[in-house]
Amino acid sequence: MSSKGAAKRPKPKQATQARQPRKTAVITGVTGQDGSYLAELLLDKGYEVIGVVRRTSHDSYERIGHLLDRVHIVAADLLDQHSLTTVIRDAKPDEVYNLAAQSFVPTSWNQPVLTGEFTALGVTRLLEAIRLAHPEARFYQASSSEMFGKAVETPQRETTPFYPRSPYGVAKVYGHWITVNYRESYGMYAVSGILFNHESPRRGLEFVTRKVSDAVARMKLGKANELRLGNLDSGRDWGFAADYVDAMWRMLQQPKPKDYVVGTGKMHTVRDLCAAAFGHVGLDWKKHVQVDSRFVRPAEVDTLLADASRARRELGWAPQVSFEQLVQMMVDADLERLA
Ligand code: NDP
Ligand code: GDR
């Protein structure tokens with residue numbers, strides 16, 4: 001057969017369409033709220049997902065129980081350099097999402113040093129692991145609107161100066177800048193997503209949205225009658241966690257590493273949150289909510305409101321769930337769970 005004739009034959013599919021290799025992602029904090037939604041998103045996209053968990057005497061797989069047959073669980077701790085380096089060296093991931101942290105603001109006043117170790121130095125340990133073992137990996141750092149703290153302008157965007165108001169906020173500022181520094185020092189693809197509050201039925205019970213949705217469900221079912229809260233005046237830009245993990249993924253698909261603010265651009269107070277949640281089940285929040293000084297913080301962040309126009313423009317990202325839909329979703333989920 002002449003080579004000409006052979007060239008005319010249609011090539012088998014495999015030869016022309018090289019299969020895309022499956023991407024691998026490492027998620028620290030996979031047992032947390034965001035880790036569980038991000039693992040779902042990446043599995044849906046065909047990634048191999050490696051979830052980092054720290055050793056505990058009881059497992060904390062409540063949020064990822066339904067994913068355990070598809071996520072590879074590995075043990076490592078943000079406090080332990082060697083364990084992080086081993087994970088990165090063995091996995092050689094395309095993407096690393098650093099979601100692990102001591103994430104509850106009030107605890108950061110009680111445990112400021114530990115919060116700094118996890119939430120600040122933990123970022124450096126993970127960046128060092130990547131730099132030494134697999135510098136090609138793209139890195140996402142879970143930065144926070146708490147870095148804006150006593151905000152010097154409203155709304156807050158990527159260029160707004162930081163003024164953190166808690167040991168947690170201070171630790172996140174360190175995590176943000178060390179990420180920027182590794183990008184600029186070593187040319188690593190490292191980005192910081194400055195995410196505003198995002199919630200879901202998987203939110204920890206101590207955070208105010210979930211504390212309220214859980215209490216409302218208990219009251220509706222006759223299991224409780226009172227809810228004690230701190231500052232009702234503080235304003236937050238609350239969105240739905242599943243929307244926000246999509247923004248994280250989009251940040252790692254860009255041609256150049258860049259930092260982005262992510263939020264809805266709408267602010268509500270804790271009072272508004274109470275009105276929406278109690279109102280959803282036909283209760284009057286004013287009859288049930290008591291202000292309790294135990295829940296008032298030593299220093300408060302009064303108003304957080306995102307200007308996410310860079311994320312909208314460059315990532316094509318937009319929130320899909322409104323504040324009202326979010327609150328109703330959380331109350332309904334707690335009603336179902338407790339009924
Ligand atoms: P969660 O508190 O729900 O999850 C935190 C995760 O970190 C858990 O999986 C926890 O594991 C893990 N973790 C804590 N300490 C360590 C450690 N030393 N080593 C390894 N893992 C550890 O947080 P979210 O999912 O809400 O938030 C994810 C990230 O995003 C956090 O960094 C948070 O600070 C940040 N963030 C969150 C926002 C939000 O509104 N949710 C907004 C902006 C930023 P374990 O289950 O064992 O406790
Ligand atoms: P935040 O979330 O501190 O913004 O951090 P949280 O839900 O704890 O507080 C929001 C606001 O509500 C006020 N508040 C109360 N908060 C709690 N937890 N409990 C109460 O009883 C109560 N009463 C009033 C608070 O004073 C505050 O103003 C969250 C975390 O997920 C961080 O990890 C993340 O970085 C930021 O969001 C963005």
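The values are calculated or read from the model by the stated rules, or taken from the named source; none is laboratory data. Being a predicted model, the structure only gives us computed values, none of them experimental. Glycine gets a Cβ as well: all are built from the backbone with ideal geometry, and neighbour counts include every protein chain shown. Each accessible area value is taken on the protein alone, full model and side chains, heavy atoms only, with ligands, DNA and RNA left out. Shrake-Rupley method; radii C 1.70, N 1.55, O 1.52, S 1.80 Å.
Structure values in brief
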read-out: Whole-number accessible area per residue in Å² for the stretch 84-178, which is evaluated in the context of all protein chains at 1.4 Å; value: 39
read-out: Leu227 - accessible surface, heavy atoms, 1.4 Å probe, Å² rounded to 10; value: 10
read-out: The stretch 211-339, accessible area per residue, ligands and nucleic acids excluded (1.4 Å, Å²); value: 46
read-out: For q = 0.08, 0.14 Å⁻¹, Debye-computed log10 I/I(0) when each Cα of the chain counts as one equal scatterer; value: -0.41, -1.15
read-out: Enclosed volume per residue, in Å³, of the convex hull spanned by Cα atoms of the stretch 244-286; value: 80
read-out: Percent of beta bridges antiparallel (DSSP, the chain, rounded to nearest 5); value: 5
read-out: Computed label-point distance, nm, for sites Glu184 and Lys256 using a 7 Å Cα→Cβ extension; value: 1.5
read-out: Residue-span extension gain [His72 to Ser309] - 0.36 nm each, minus C-alpha spacing; value: 81.8 nm
read-out: Residues whose placed amide H lies under 5 Å from that of Gly230, excluding near-sequence neighbours; value: Asp292
read-out: Label-zone membership for the stretch 129-155, site Asp302, 7 angstrom Cα→C-beta point, backbone N under 15 Å; value: 149-155
read-out: Which listed pairs, of Lys45/Lys258; Lys172/Lys223; Lys23/Lys256, have C-alpha distances above 27 Å, in listed order; value: Lys172/Lys223
read-out: Sulfur and carbon atoms: percent of accessible area, the chain [1.4 Å]; value: 50
read-out: Eligible aspartates and glutamates near Lys286 by straight Cα distance, threshold 13 Å, same-chain separation 8 or greater; value: Glu226, Asp272
read-out: Computed E for Asp284/Glu206 - FRET, C-beta separation, R0 25 angstrom, nearest 0.05; value: 0.50
read-out: For a label point 7 Å along the Cα-to-beta-carbon line of Ala318, residues of the stretch 246-276 with backbone N under 16 Å; value: 247, 263-266
read-out: Computed lengthening from Gln325 to Trp177, 0.36 nm per intervening residue step minus Cα-Cα distance; value: 49.8 nm
read-out: Full-extension gain in nm, Val291 to Thr159, via 0.36 nm per residue minus C-alpha separation; value: 44.0 nm
